[in-house]
Amino acid sequence: MTPASGIFADDNIMSTFTIGNHGSTFGGNPLSMAIVKASMEVMRDEGMVENSRERGDQMRNGFREHINSKLLKDVRGRGLMSAIEVDNYAYINGDDLCNIFRHYGLLTKSTKEYSIRFTPALVMNA
């Protein structure tokens, strides 16, 4: 594995940087940058961003459609990164629900006391 780092932002934010006022431990390494470039080309050529949007919408719609529980307060996300929020007044919290999911073979993480994050692989296509 070759470490790399970088930032993505809109023009308003990027215009605040000038040459020499921002550095990175892993930025600019020629091998790392070649790997990053190839990875970005694969993401573009294989439509991974569009696929992420479609599969993420599918996942969140599935949560909304199939989880019929007063425990569920909200479903949100962007791309394949999604979260379900457990009602703050429920008798279980996010950690409890993650333990239940784990029992059934689904590994996930509570990010706040009542929020559970789902981050499937970017290459997921079904």
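Here are a few things to note about the model shown:
- Residues of segment 51-66 include at least one that is in the same structural domain as ASN93 (by TED's automatic domain parsing) and modelled with pLDDT under 90.
- Count of segment 4-40 residues which are of a type outside the set (A, V, I, L, M, F, W, C) and closer than 28 Å to ALA83 by Cα: 4
Yes/no per residue for (1) within 30 Å of ALA38 (Cα to Cα); (2) in a helix (DSSP H, G or I):
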| residue | (1), (2) |
| --- | --- |
| GLU50 | yes, yes |
| GLN58 | yes, yes |
| SER69 | no, no |
| VAL75 | no, no |
| TYR91 | no, no |
| ASP95 | no, yes |
| LEU106 | no, no |
| VAL123 | yes, no |
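- Of all residues in segment 77-89, those being in contact with a helix residue (DSSP H, G or I) (Cβ under 7 Å, 6 or more places away or on another chain) and in a loop (DSSP other than H, G, I, E, B) number 2.
- Set side by side, the residues ARG102, ARG117 differ, and just one is surrounded by fewer than 17 Cβ atoms within 10 Å (Cβ to Cβ) and either in contact with a His (Cβ under 7 Å, 6 or more places away or on another chain) or assigned to a strand (DSSP E or B) (or both), which is ARG117.
- Scanning segment 56-99 for residues that are surrounded by 17 or more Cβ atoms within 10 Å (Cβ to Cβ) and hydroxyl-bearing (Ser, Thr, Tyr) turns up just one, SER82.
- Count of residues meeting criterion [hydrophobic (A, V, I, L, M, F, W, C) and in contact with a strand residue (DSSP E or B) (Cβ under 7 Å, 6 or more places away or on another chain)] in segment 21-71: 3
- Scanning segment 1-15 for residues that are exposed (fewer than 10 other Cβ atoms within 10 Å of the Cβ) and either under 21 Å from GLY79 (Cα atoms) or more than 22 Å from the chain's Cα centre (by Cα) (or both) yields a total of 5.
The values are calculated or read from the model by the stated rules, or taken from the named source; none is laboratory data. The shown structure was predicted, so the numbers you read here are calculated from the model rather than taken from an experiment. Using ideal geometry, Cβ is built from the backbone for each residue, glycine included, and neighbour counts are taken over all protein chains shown.
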